[in-house]
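The values are calculated or read from the model by the stated rules, or taken from the named source; none is laboratory data. This is a predicted model, so every value here is computed, not measured. Here the Cβ positions follow ideal geometry from the backbone for every residue, glycine too, while neighbour counts run over all protein chains shown. Note: accessible area is taken over every heavy atom of the protein model, side chains too, but ligands, DNA and RNA are not part of it. Shrake-Rupley method; radii C 1.70, N 1.55, O 1.52, S 1.80 Å.
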Amino acid sequence: MRNIYVLTGMSGVGKTSLINKLLKKGSFYYPKIYTTRPTRDEIVDGKIHIGDYEYEKLQNKIVEFMYNYQKYAITNGEIQKADIVDLPPSGIKSLKKNYFSNKKIIIIYLWIDEFERIKRMKKRGENEENIYSRLRYEKIEYQNIEEYVDYTIKNDEFEKCVNKILSVMALNENGEKDLWFE
């Protein structure tokens, strides 16, 4: 692919589910993301969960950020192969600052109302303390997100959202730019 597609959005918007579906539909490469965040029960998120010591020893980190008090990193080799990745605004800033290649970075902001996000987080087993901690953190993290976004897509219908993302990818791979979603 000619571009790296970055999905971003607040907790519970469906980033992991969407990426898993996209990976099944196409031959996209999703990079290994290293994190000190503990694993979530019953959720396979594609992240490599490591301790602080292992994290500090990790070499060639090109994307590095903190999110909800946990460390995250993607190595240079992984981001060079990437077609699709999910990052918060702090990760997007790091990627744009440190990534030098011929691939263009396309940012897709996914959203859904807060009530639905809370419902989804509860459904995946998160406790209320963790949910409200994330909501507080994200109010700051996602301030001014529109400065970084190329496309905004509402994830209120899962398959429709997948198809919109695939449309964005198809248009951008063909050199077209003008597409807007609600």
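Descriptive notes on the structure:
- In order along the stretch 150-164, the Karplus-derived 3J(HN,Hα) couplings, from 6.51 cos²θ - 1.76 cosθ + 1.60 at θ = phi - 60°, round to 9, 9, 10, 10, 7, 9, 9, 10, 3, 5, 5, 5, 4, 5, 5 Hz, and Gly and Pro are given as x.
- Rough spin-label spacing in nm, given labels placed 7 Å along Cα→Cβ, for residue 48 and residue 116: 3.5
- Whole-Hz Karplus values for the stretch 121-135 come out as 5, 5, 4, 7, x, 7, 7, 4, 4, 5, 4, 6, 5, 4, 4 Hz, taken residue by residue from phi with 6.51 cos²θ - 1.76 cosθ + 1.60 and θ = phi - 60°; glycine and proline positions read x.
- Solvent-accessible area per residue for the chain (1.4 angstrom probe, square angstrom): 54
- Cα-based shape type of the stretch 48-125, given that a ≥ b ≥ c are square roots of the gyration tensor eigenvalues and the cut on a/c is 1.5: oblate
- Accessible surface of the chain, 1.4 Å probe, proportion on carbon and sulfur as whole %: 48
- Cα-Cα over 21 Å, subset of 21/71; 32/57; 24/122: 21/71; 24/122
- Remark on residue 33: its backbone amide H falls under 5 Å from those of 48, a criterion applied only to residues 5 or more positions apart or on other chains, H modelled at 1.01 Å from N.
- Computed from label points 7 Å out along Cα-Cβ, the spacing between residue 167 and residue 136 is 3.9 nm.
- Net dipole in debye of the chain [+1 Lys, Arg Cβ; -1 Asp, Glu Cβ; about Cα centre; nearest 20]: 400
- Net length gained if the chain between residue 59 and residue 144 were fully extended (0.36 nm per residue, minus Cα distance): 27.5 nm
- Sorting 69-78, 114-123, 52-61 by their mean Cβ neighbour count within 10 Å, with the most densely packed peptide first, gives 69-78, 114-123, 52-61.
- Paramagnetic label reach from residue 76 (point 7 Å along Cα→Cβ; backbone nitrogen cut-off under 18 Å): within the stretch 101-126, residues 101-103.
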